[in-house]
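The block underneath contains the structure these notes are about, expressed in structure tokens.
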Amino acid sequence: MPQTLTDGTRAGAVDAPPAEASKRRWLILAITGIAQLMVVLDATIVNIALPSAQADLGFSDGNRQWIVTAYSLAFASLLLLGGRIADLFGRKPAFLIGVAGFAAASVLGGASTSFGMLVTARALQGVFGALLAPAALSLLNTTFTDAKERAKAFSVYGAIAGAGGAVGLLLGGVLTDALDWRWTLFVNIVFAIVAFAGGWVLLTNHRDAANSKLDLPGTLLVSSGLFSLVYGFSNAETHDWSSPATWGFLAAGGILLTAFAWWQTRAKHPLLPMRVLLDRNRAASFITVLITGAGMFGVFLFLTYYLQLNLGFSPTKTGVAFLPMMAALMIMAQVSTTILVPRIGPKAVIPAGFAIAAVGMAWLTGIGLGSSFSTAVLPQLLLVGAGLGMVMPPAMSLATSGVAPADAGVASATVNTMQQVGGSIGTALLNTLAASAATSYLSGKDATNKLVQAQSTIESYTTAFWWSAGFFVAGALIASLLYRRGKLEQDPNAAPVVHM
């Protein structure tokens, strides 16, 4: 007897779904994509507005980093809990509460009258983002089970995840120039209204892990471990690596996460079941997302500095400059997930994407004080975008492919956690290495000379680009070793599980 889907249609033919059910699936992709974009772009959209917010609210340069760090700490440390809540209590309520809470926190941030109020709002954005992001990805994972439709869906979703940072730079620049820094937060209301209304109408609640219980010891261990890890890396940006505020928290994070891994092998209802991590392709995909998060930081942050401070681009023009990269990423996202990976497998495609991105980053090290955007930046950005389009979307799809519905939320949360932790590692390492390169260049030179100062910034940027290229080379090597050979095969006997 054909299986009945949650929207009342039947799952008799996965390859030729009823038109109405198929339409609902693509509408669900649209609303989850909007929700994902809201979360991802928030990591960069506020960065563009920080100087304006600082001038308006009057906080110090030392406090400025907390506008970014407060979001990162809350988001990273609560992601696995948010994913498990979606599995236990249902993805629809998790999605709707996440969207509504994120919008409310954005309103609070946009209306801030003090530094403390803005930091609180950013932390609350991170809390609700940690509930929203895994719910959105797990909804996608359980909605699209047909191989061809899944490939198309994840090519779109992965492109949003990869290009969201650049969208944030563009939108942040436009809103800051045309309106006010507060609109970089208020704009989330528009995304939230669309996502909430769509989720309310299209989604039905399903609790795949309703018979399980929340792993409280595991939650405490992993949340405190991820908090310590991200906090330690964040401190490395403003303190020396030998500072107890840096190495102490990093060490504590490592110990707590080790204890969490040990506990997961013994817990009756583990927060992150080991079966989620032990699949070879899935583990390779988690590592791929981590490395991509670390390497992408070099593109967005240091290239933004170069375009604005050295080439004199406005915030809006800087955002527009990233559009070609976004276009290349989106095109290759479609090609890689719908054509290349199904035909030849991830073992060839993902390492090749890393290699292309590495070439683009290495080529970017040729920038100089008098370089032209059209020759020294644009071709390189196209290469990086194309490479990342071959890496991020397939990795996100493979990281959640084949996961039992009861584990979809926590598997999706693990993907987001890897991306967030990778970004924190990249932030700390590349900032430190760039600063050291600038200091080394100035040694023995006239530091008051403006030309010497400008060249020292170029040295810092190119150092960051070289290291980003190194991350991508490491990614290519690791991916080529870990991914299984051959193309992917969908189990023909697997019953489709579609929750809409």
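Contact map, the stretch 97-109: residues that are surrounded by fewer than 24 Cβ atoms within 10 Å (Cβ to Cβ) paired with residues that are β-branched (Val, Ile, Thr) and part of a helix (DSSP H, G or I), Cβ distance under 7 Å, separation 6+ or inter-chain. Pairs shown: ALA103/ILE189; VAL107/ILE189.
Give the residues of the stretch 243-265 that are in a loop (DSSP other than H, G, I, E, B) and open to solvent by 80 Å² or more (accessible area, probe 1.4 Å), sorted by residue number. The answer is THR265, and nothing else. Restricting the stretch 104-119 to residues that are part of a helix (DSSP H, G or I), more than 18 Å from PHE196 (Cβ to Cβ) and of a type in the set (A, V, I, L, M) leaves a set whose member that is farthest from the chain's Cα centre (by Cα) is MET117. Each residue in the stretch 303-325 was checked for being open to solvent by 20 Å² or more (accessible area, probe 1.4 Å) and either assigned to a helix (DSSP H, G or I) or in contact with a strand residue (DSSP E or B) (Cβ under 8 Å, 6 or more places away or on another chain) (or both), and 10 of them qualify. Is there a residue in the stretch 55-70 that is open to solvent by less than 10 Å² (accessible area, probe 1.4 Å), under 16 Å from the mean Cα position of the chain (by Cα) and hydroxyl-bearing (Ser, Thr, Tyr)? Yes, there is a match, as at least one residue in the stretch 55-70 is open to solvent by less than 10 Å² (accessible area, probe 1.4 Å), under 16 Å from the mean Cα position of the chain (by Cα) and hydroxyl-bearing (Ser, Thr, Tyr). Tell me whether the stretch 130-144 contains one or more residues that are outside any helix (DSSP H, G or I) and under 28 Å from LEU388 (Cα atoms). Yes - at least one qualifying residue is present in the stretch 130-144.
Please work out which residue is modelled with the highest pLDDT, limiting yourself to the stretch 127-164 and to residues that are of a type in the set (Phe, Trp, Tyr) and over 15 Å from VAL289 (Cβ atoms).
PHE128
Among the residues that make up the stretch 333-340, is at least one of them among the small types (Gly, Ala, Ser), open to solvent by less than 20 Å² (accessible area, probe 1.4 Å), touching a residue at least 40 places away in the same chain (Cβ under 8 Å) and assigned to a helix (DSSP H, G or I)? Yes, the conditions are met somewhere in the stretch 333-340. Inspect all residues belonging to the stretch 2-10 and state whether any of them is at pLDDT 80 or above, more than 22 Å from the chain's Cα centre (by Cα), more than 27 Å from ILE425 (Cβ to Cβ) and not aromatic (Phe, Trp, Tyr). So far as the stretch 2-10 goes, no, none of its residues is at pLDDT 80 or above, more than 22 Å from the chain's Cα centre (by Cα), more than 27 Å from ILE425 (Cβ to Cβ) and not aromatic (Phe, Trp, Tyr). Looking only at the stretch 216-258, residues that are charged (D, E, K, R) and without any contact (Cβ under 8 Å) to a residue 60 or more places away in the chain come to 1 in all. Among residues that are touching a Leu at 6+ places or on another chain (Cβ under 6 Å), open to solvent by less than 60 Å² (accessible area, probe 1.4 Å) and at pLDDT 75 or above, THR44 is not included. Of the set (1) over 22 Å from the mean Cα position of the chain (by Cα); (2) surrounded by fewer than 20 Cβ atoms within 10 Å (Cβ to Cβ); (3) farther than 20 Å from ASN431 by Cβ; (4) not polar (S, T, N, Q), all apply to ASP240 but (3).
This table checks each residue for (1) within 27 Å of VAL320 (Cα to Cα); (2) touching a helix residue (DSSP H, G or I) at 6+ places or on another chain (Cβ under 8 Å); (3) open to solvent by 50 Å² or more (accessible area, probe 1.4 Å).
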position	(1), (2), (3)
PHE373	yes, yes, no
LEU383	yes, yes, yes
ASP407	no, yes, no
ASN431	yes, yes, no
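Exactly one residue out of ALA284, ALA209 is under 22 Å from ALA94 (Cα atoms) and either at pLDDT below 85 or within 19 Å of the chain's Cα centre (by Cα) (or both), and it is ALA209. Condition check for LEU271 on (1) within 30 Å of GLY387 (Cα to Cα); (2) among the aliphatic types (A, V, I, L, M); (3) in contact with a helix residue (DSSP H, G or I) (Cβ under 9 Å, 6 or more places away or on another chain): one failure, at (1). Of all residues in the stretch 304-354, those satisfying the criterion of being of a type in the set (Lys, Arg) and at pLDDT 85 or above are ARG343, LYS347.
Here are ILE425, ILE367: which of them is assigned to a loop (DSSP other than H, G, I, E, B), surrounded by 19 or more Cβ atoms within 10 Å (Cβ to Cβ) and not charged (D, E, K, R)? Full working, then the answer.
On the way: ILE425 fails: assigned to a loop (DSSP other than H, G, I, E, B).
That would be ILE367, the only listed residue that is assigned to a loop (DSSP other than H, G, I, E, B), surrounded by 19 or more Cβ atoms within 10 Å (Cβ to Cβ) and not charged (D, E, K, R).
The values are calculated or read from the model by the stated rules, or taken from the named source; none is laboratory data. Computed from a predicted structure; not experimentally measured. In this analysis, Cβ positions are derived from the backbone assuming ideal geometry, glycine residues included, and neighbour counts consider all displayed protein chains. Note: accessible area is taken over every heavy atom of the protein model, side chains too, but ligands, DNA and RNA are not part of it. Shrake-Rupley method; radii C 1.70, N 1.55, O 1.52, S 1.80 Å.
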